[in-house]
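Worksheet: the structure to be examined is printed underneath.
Nothing in this text is a laboratory measurement; each read-out follows from the coordinates by a stated rule. From a predicted model like this one, the values you see are computed outputs, not experimental measurements. Note that we place each Cβ from the backbone using ideal geometry, even for glycine, and neighbour counts take in every protein chain shown.
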Amino acid sequence: MASMRDIKRRKSSIQGTQQITKAMKLVSTVKLQRARASAERSKDYFNCMYETVNSILERVGHVEHKYLASNTSGESTGSGNSERNRKKAVIVITSNRGLAGGYNSNVIKLVTRHPEWKKEELEVYCLGNKGREAFTRYGYEVKDCNSDIVESPVYVDAMALSEKLLKSFADGEIGEIYLAYTAFKNTVSHIPTLLRLLPVEAGGADEETAGENAGAKETAAVMNFEPEDTEALDMLIPKYVTSLIYGALRESIASENGARMQAMDSATSNAEEMISDLTLKYNRARQGSITQELTEIIAGAEALG
């Protein structure tokens with residue numbers, strides 16, 4: 001059995017850790033309130049942009065454009081297009097710090113455990129140090145890493161990343177672009193999500209949605225562009241990609257703070273249980289020590305008598 005000194009030292013250490021976890025929980029709670037408000041403000045635009053662009057492209061599936069699925073789904077005729085069909089760029093949003101439960105590991109597993117992806121076909125763009133550390137450790141090609149963007153994301157940062165990826169896509173260096181992030185549902189529910197950004201799937205709605213909207217599509221007006229469909233899509237799709245990246249950053253920050261708040265709350269509760277258990281052990285050890293001392297005193301008195 002551990003001595004009273006060892007128990008007291010361990011109890012003191014756990015109490016210090018508990019103070020830290022309490023402070024981190026309070027900090028995460030304050031950050032969560034701000035991040036949640038920001039995520040909720042941008043969520044409607046995020047969803048509307050995604051639904052609107054997909055709705056538009058469902059009606060213009062005949063248009064040949066460099067960002068539509070028809071440009072990469074056919075057989076390639078040149079080395080550039082062949083490479084384009086194989087290579088995938090994946091934007092992975094994680095945090096710069098740990099102590100957030102499964103927030104980082106869950107979104108990393110979306111990429112590393114994807115059943116149809118091969119490691120050599122991926123180019124990973126890490127937004128957050130934890131993602132960079134994990135993918136480097138697993139042997140993935142980390143094309144770029146930006147740790148500052150996840151601290152306080154702004155639209156300009158998302159635009160710069162979007163332009164870089166779109167240029168690589170247009171040049172045939174990559175064939176698909178994906179976004180892996182953690183969607184914020186509420187304070188306790190955070191959903192790891194993998195979203196395909198490019199090529200945009202024209203007419204790619206699922207059967208259930210298609211059935212619900214069948215009547216609406218029959219009466220939908222013909223989609224017209226001014227001045228030209230190609231020029232309109234050249235302007236619309238980059239804004240679409242940038243908006244999805246920016247919205248994902250906002251939701252990921254809210255999810256990170258929510259996950260860290262839960263993790264620190266659990267750590268604080270566990271520390272409280274450990275402190276109670278150590279207090280009980282200390283009292284038992286102290287009682288045993290007192291009993292032993294009394295026994296020795298009585299035995300010594302009897303020996304003298």
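Per-residue Cβ neighbour counts within 10 Å put L26, L278, L122, L304 in the sequence L304, L26, L278, L122, beginning with the fewest. Amide H to amide H, with H built 1.01 Å from N, V90 comes under 5 Å of E123, V124, Y125, Y178, counting only residues 5 or more places away or on other chains.
For A299 and S3, the difference between the fully extended length at 0.36 nm per residue and the C-alpha to C-alpha distance is 104.2 nm. When each of K164, K25 is scored by the number of other beta-carbon atoms lying within 10 Å, the sequence from fewest to most is K164, K25. When you count the other C-beta atoms within 10 angstrom of each residue and take the mean per peptide, 35-43, 176-184 line up highest first as 176-184, 35-43.
Compared with the direct C-alpha span, the chain from A160 to D144 gains 4.5 nm at full extension, assuming 0.36 nm per residue. Site pair Q15 and E228 shows an inter-label distance of 7.6 nm when each label is modelled 7 Å from Cα along Cα→Cβ.
If you look at the Cα atoms of the range 1-67, you get an Rg and a Dmax of 26.5, 80 Å. First measure r as the distance between the Cβ atoms of L26 and E173, then evaluate 1/(1 + (r/R0)^6) with R0 = 51 Å and state the FRET efficiency to the nearest 0.05. E(calc), rounded to 0.05, equals 0.65. Electrostatic tally near E256: other residues with Cβ closer than 12 Å to its Cβ, Lys and Arg +1, Asp and Glu -1, net +4. State whether the range 134-182 is rounded, prolate or oblate according to the following rule on the C-alpha gyration tensor (a ≥ b ≥ c being the square roots of its eigenvalues): a/c under 1.5 gives rounded; otherwise a/b larger than b/c gives prolate, and the remaining case gives oblate. In terms of gyration-tensor shape, oblate. Exposure proxy ranking for S147, S95, based on other Cβ atoms within 10 angstrom of each Cβ and starting from the fewest, stands as S147, S95. Straight distance only, please: which lysines reach the Cα of K185 with their own Cα at less than 17 Å, same-chain residues fewer than 8 apart left out? Within the straight-line cut-off, K185 pairs with K31, K43.
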